[in-house]
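Engineer: Below you will find the structure I want to go over with you.
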Amino acid sequence: FCLPFPAAAAVSAPAAAGGAAAAAAAPAAAPSAAGGGGGGVGGLDGWDDFDVDLGDAPAPTAAAAAAAADVGEAADGWGDGWGVDVDVDLPTDATAETAALPETPVPAEAATEDAAAAGGQACTLPADQVEWLHSLLSRTQLQLGRLDVFRHAHCESSGKGQCSLTWGAFREISLASLERLACQMAAELCVPVLEALLSQHGQDLAGCWPAILDALPETAAPAALRRILPAPPTSKADTVLHAEDGGVAWYISRAQSIVDRTGLVGHALDLLRHGIHAAVGGNWPVAPRGAEPPASCLARQLPKVPESVLKSMPQVRLLYGMFRLCMEYSKYCRATLQELHGLAGHEEPSTSEVLWFADFCGLDPGQRAQLALRRTAPGTVAKDAREWAADVSLEHCGLDLSAVGKAYAPAPQRSAAEAAVDGRVLRAAEAACGLRSEDVIMQAVIGRVNSRGWDPASFRMIAEVVAASNPTLQRAERLIQSEPVMLQFILGALYSDDQRCRAMDIYQSADEMYGCIPQKNVGQDFVGAELEKWQVLQQQADELEQHLNCVQVFNKYKIALSLSFADLRRGRANEPMALRSMWNLFRVLGARYRPALFWRGFQEELTYLHRHAFAAVPLHTVSEMYMRVLVEQEHFEVLSSATQDWARSCGTLEVAGSLVTLAQELVNASPALRHSSLEKARRVLRCVPQVDGELSGLVQAELDFIKACELLHELVRRQPSRGLAQRWAEDFRSINASLSQVAGVAENVAKVAGVSRVAGAAKQVTGRVAGAAAG
């Protein structure tokens, strides 16, 4: 084997030939003029840690120099350029493991006996030279072992493709050259060489192994790299690389690099799966036969994290979170690809529509799920959501975020691998561990419906999700398993401020959703704040039942009001909105003639609508609206009975004042002295409930005015006889006297609530009749 000491031939000669004369020249094996001292870092051969430092060995003698001159370049069997080799008689099967021999001094006596056994003559060497020879033997065995590894690695790699590995590069063992060699072999995917380097120089490469593994092609299958993937020291995974933190930061950084540079999300998932199994299960994962990523890389196949592992290595949660993010991104990319394939052939797909992985991780969980479910339809939403939850959910893995703090270090304390990962990815991976699938699905479905404008077809998707979470199903089969969450989802969808679907249009879906509401006794085991929340939700569920009954009334009578369920709830407190809705309701009902039987039956339903949907409107105002439409429809019998109910609830004075005001409006609206409006006014006044004398006088005054109008009409139409004219004159004087008396009384009762308008009307009537009587 080639050594950098030409004069060393004088040392090996006695061992080969057994001559005592050459052995005597052994002490003269000083540093040669050709090779210099090879033990220093600046050795000429570059074998820094395999050189033998002779120290202060004596200078060579003339005999030794002559013996060395006899050995020429022809003796060089290695082709390394060194003309003087040292022929050490070593076993041919020496390996790197047998090379690590202890460099202990050998006594002079033992050396003498060995020399005698080998050459037939005893030779005495100084103790320092014996120690040098023993060190030389150990170093030579080490190089032979490295040469054997080189031969094996070169054969393995050359059979799989081109490899730039040479012995000249392999024997350079400085740290910088070793790292360059490892990175070069990683770039060429020479896994056997990397495995040998990491196995023999694990301590030397402990600080740079992430950079070496990053040089591997991103397209390489993780299963082919198992022997060089990092694992915790306690793991039983078959690998030569062990890291204290299990290489969590590198796995995350590498997964992001694979996704960003190649888009091979399946490879990233497989890599993270290897890291998770090595850290949690203590071994590499076993993929089902015939399964290929990402089919075999699903969240439901990940192992549960033992509490001991979670406490000793909390950063393992980041691996789970990163796995979920990659799986969500995979589903998003698949949905985007389907959407792009659905475009017309002449349209060019825009790459700007596809989010980068870091931007995708920066979205809210519900937005990410919404993007993944963007192609779903009402008929398939339950199936798609259940499949999405099964593939990404980590709830079975036992990741309790409340038990430990953050799994990643603050920015100033992060490692180089963590620093290479986008902060949004780390934060999203941390949060993804504790996400509940049912919460994310609810946000995704609501967002999906929001994006389509809340049309009834989109709202049907919500009803399908609720139907897939029916409490009658087994809990494991439900899409939303928690009863409070389920009820909150139903109420939130129906009463959302963004939800603008007409309540009549989504009544069928809302009624089906109401049928899936859990029973009240479900919360009998709740305590504290959870019980209070359940009771509030049950009260809102009762309110939903009332609003469904109101919408049923709208559908029954085809009252097409543009009111959502949120509007029905606001109608209890928002008076302007409720008042406008009530006017619209009566306008629709009065648009065509309806029989008295309809109005008698509708009165009770009107009371229900007012109580549960439009309570912000005073009952007195609602009653006035109802009376007006009855008058327009000329259902005075219904008006008479409704007036009695109205008086019992609102008071006689208010009813009388309202009816007199309505009668006056009818009289003033009459275009002639004799018209149907005057007859309506007379019939309205006859429906006024019994009141005291003063208010009764006001009613009588309005009746007298109507009679005066009729007399004037007869007077204008024909010339009466003298007797008839005198009788009419007496009637006018009587009406005038009556109205004058009523006008005085009106001033006394003007302070009575609801009759001030009647008093003013009485004065007007008195003035007009007095003028007519004088004429």
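Engineer: Hey, if we sort E532, E131 by accessible area with the 1.4 Å probe, largest down, what's the order?
Structural biologist: In descending accessible area the options line up as E532, E131.
Engineer: Using a 1.4 Å probe on the protein heavy atoms, what percent of the accessible area of region 461-570 belongs to carbon and sulfur?
Structural biologist: About 44 percent, which is the carbon plus sulfur part of the accessible surface.
Engineer: Give me the percent of the accessible area of region 625-682 that comes from carbon and sulfur atoms, probe 1.4 Å, all protein chains in place.
Structural biologist: 47 percent
Engineer: What pairs in K311/K533; K331/K383; K236/K311 have C-alpha atoms more than 23 Å from each other?
Structural biologist: K311/K533
Engineer: How would region 412-538 be classified by its alpha-carbon gyration tensor: rounded, prolate or oblate, with rounded meaning a/c under 1.5 and the a/b versus b/c comparison settling the rest?
Structural biologist: Verdict is oblate for region 412-538.
Engineer: Run the quick spin-label model on R180 and V354: label points 7 Å from Cα toward the beta carbon, then report their separation in nm to one decimal.
Structural biologist: Calculated label separation equals 3.8 nm.
Engineer: Tell me the carbon and sulfur percent of the accessible area for region 198-290, rounded to whole percent, probe radius 1.4 Å.
Structural biologist: Its accessible area is 48 percent carbon and sulfur atoms.
Engineer: Turning to a different aspect of this structure: What residues have an amide H closer than 5 Å to that of Q481, excluding those fewer than 5 places away on the same chain, when H is modeled at 1.01 Å from N in the peptide plane?
Structural biologist: For Q481, no residues qualify.
Engineer: Kindly write out, for region 363-378 in residue order, the coupling ³J(HN,Hα) from the Karplus curve 6.51 cos²θ - 1.76 cosθ + 1.60 (θ = phi - 60°), rounded to whole Hz, with x marking Gly and Pro.
Structural biologist: Result, rounded to whole Hz: 7, 5, x, x, 5, 5, 5, 5, 5, 5, 9, 5, 9, 6, 10, x.
Engineer: Which loop chymotrypsin sites (Phe, Trp or Tyr not before Pro) in region 351-396, with loop taken from DSSP, have no more than 13 other Cβ atoms within 10 angstrom of their Cβ?
Structural biologist: Passing both the DSSP loop test and the Cβ count: W356.
Engineer: Something else now. Report the residues of region 429-448 in range of a label on H396: point 7 Å along Cα→C-beta, backbone N strictly under 20 Å from it.
Structural biologist: 432-441
Engineer: Evaluate E = 1/(1 + (r/R0)^6) for D525 and R261, where r is the Cβ-Cβ distance and R0 equals 56 Å; express this FRET efficiency to the nearest 0.05.
Structural biologist: The formula returns an efficiency of 0.60 here.
Engineer: Classify region 189-337 as rounded, prolate or oblate, taking a ≥ b ≥ c as the square roots of the eigenvalues of its Cα gyration tensor: rounded when a/c is under 1.5, otherwise prolate if a/b is larger than b/c and oblate if not.
Structural biologist: oblate
Engineer: Tell me, what is the 1.4 Å probe accessible area of S312, in Å² to the nearest 10?
Structural biologist: Surface open to solvent at S312 totals about 90 Å².
Engineer: Solvent-accessible area per residue for region 221-337 at a 1.4 Å probe radius, Å²?
Structural biologist: 37 Å²
Engineer: Still on this model: Need one word for region 205-252: rounded, prolate or oblate. Basis is the Cα gyration tensor (sqrt eigenvalues a ≥ b ≥ c); a/c below 1.5 gives rounded, then a/b vs b/c decides.
Structural biologist: It is oblate, given that a/c is not under 1.5 and a/b is not larger than b/c.
The values are calculated or read from the model by the stated rules, or taken from the named source; none is laboratory data. Just so it is clear, the model here is predicted, and its values are computed rather than measured. Glycine also receives a Cβ, built like all others from the backbone with ideal geometry; neighbour counts cover every protein chain displayed. What goes into the accessible areas is simple: the full protein's heavy atoms, side chains included, and nothing from ligands, DNA or RNA. Shrake-Rupley method; radii C 1.70, N 1.55, O 1.52, S 1.80 Å.
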